[in-house]
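*Asks:* Okay, here's the structure, questions in a sec.
Quick note: the coordinates plus some simple rules give every number you see, no bench work behind them. This one's a predicted model, so the numbers in the text were calculated from it and none came from an experiment. Because the Cβ atoms are built from the backbone with ideal geometry, glycine has one as well, and the counts that use them run over all protein chains shown.
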């Protein structure tokens, strides 16, 4: 579409409706940096993933979003996650030990389960082992779809398909809601709300929130805690397995390799971002790229195009970590793996902790070999980009 129509064009999607795509870096930056009163990220996201609650941090806007984000923020600070780094490595190593050996398997579902386990135990703070295991399985069932379809189940506003999709998701989400409610009530009875985990943060909300309200806000956070980080880790593990000596440098994690690893991760997130775009539904008219976009229009900054723009990244389709050898790109170069502006990803510190602790732990346990000679193509799954065959790979136990 960009080749046919230029940097500004409109996509008309069957369920999400029309979206104005702005693929020029300066125009995209105007959308990403739009103030919360100019552009509503929650409304735009709910056009794509329609089952997200408008009260949650992902689906809310303006004051409702600020309040929801403030409640969750203590659980995602670098300091809070620093205390969990050893536990992240232990969970990752335990999962890698259970992955198949010597036969092809799909990497993405295994990484999703690992991310769920980390999120439930360390970020949510579920300490009861039986409840934690049950919640990990329930989240997996809630989000499961066969293969990698181009869309999540439709929700309200999609006619009969939307009604069916909404009922299906409600049925799948019910066990998750029940387990979350059980954890909340158990913690209330014990007076256990002093930690910096999500359950403690929500129980300390002022004014207090009812259990069903907390569950309504937490379910979308559980969804976000699985899909984007699982996609990012899968792409990273696949790339590490393809590059000579990269697995060794990640597994050993020497301090003098830290800058190289950071550049490698950044380049992986550039060519294979976990999320395909940043979207805002305009709360007022906006002049951008020579166009006047009306109030109510959904404007999109397409990460997949911006990260492959040869004006910003020469030889953009090649994997070249050295382009990040000096650290982050300058502010005029689009690099948006975690979005930007007021809606920059709240879970970015968690993603960094997973990359820095889970990936080395996995690579110390196993050697991975991708099954296909070239990286699998990207397909859209809701708002994320995943390998079209879920990252087919073969593992073997790493030699001592």
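*Asks:* Calculate, in nm to one decimal, what residue 205 and residue 94 gain on full extension: separation in residues at 0.36 nm each, minus their alpha carbon distance.
*Replies:* Residue separation times 0.36 nm, minus the Cα-Cα distance, leaves 36.5 nm.
*Asks:* At residue 333 and residue 14, where each label point lies 7 Å from the Cα along Cα→Cβ, what is the point-to-point distance in nanometres?
*Replies:* The two pseudo-label positions are separated by 4.0 nm.
*Asks:* To continue, here is another question. May I ask for the distance between the Cα centers of segment 266-343 and segment 56-78, given as a whole number of Å?
*Replies:* 23 Å
*Asks:* While we're here: Find how much the distance from residue 86 to residue 140 grows on full extension, using 0.36 nm per residue of separation minus their present alpha carbon separation; answer in nm with one decimal.
*Replies:* Here the segment from residue 86 to residue 140 would lengthen by 17.0 nm.
*Asks:* Still on this model: Suppose only helical runs count, i.e. DSSP H with n ≥ 4. What mean residue ellipticity at 222 nm does that imply for the chain under -39500 (n - 2.57) per run, divided by all residues and rounded to the nearest 500 deg cm²/dmol? Write out the running numbers ahead of the final one.
*Replies:* Details: 16 runs with 185 residues, N = 400.
When only DSSP H runs of four or more count, the value is -14000 deg cm²/dmol.
*Asks:* How high is the relative contact order of segment 2-397? Use alpha-carbon pairs under 8 Å, at least six apart in sequence, and give a whole percent.
*Replies:* Working: 650 pairs, mean separation 112.8, N = 396.
The normalised contact order for segment 2-397 reaches 28 percent.
*Asks:* Let me ask something else. In nm, to one decimal, how far is the residue 248 label point from the residue 318 one, both placed 7 Å along Cα→Cβ?
*Replies:* 2.4 nm
*Asks:* Pop the C-beta distance of residue 396 and residue 190 into the FRET formula with R0 = 51 Å and round what comes out to the nearest 0.05.
*Replies:* E between residue 396 and residue 190, to the nearest 0.05, is 0.70.
*Asks:* Extension gain residue 287-residue 258, at 0.36 nm per residue separation less the Cα-Cα distance, in nm?
*Replies:* That works out to 6.2 nm of additional length.
*Asks:* Between 290, 182, 225, find the one with the highest GNM mean-square fluctuation for the chain; connect C-alpha pairs within less than 10 Å.
*Replies:* 290
*Asks:* Follow-up question, since we're still on this one. If I model a spin label as a point 7 Å beyond the Cα along the Cα-Cβ vector, how far apart are those points for residue 5 and residue 348 in nm?
*Replies:* 3.0 nm
*Asks:* Which parts of segment 208-230 would a label at residue 67 reach, counting a residue when its backbone N lies under 11 Å from a point 7 Å out along Cα-to-Cβ?
*Replies:* Zone members listed by number: 208-209.
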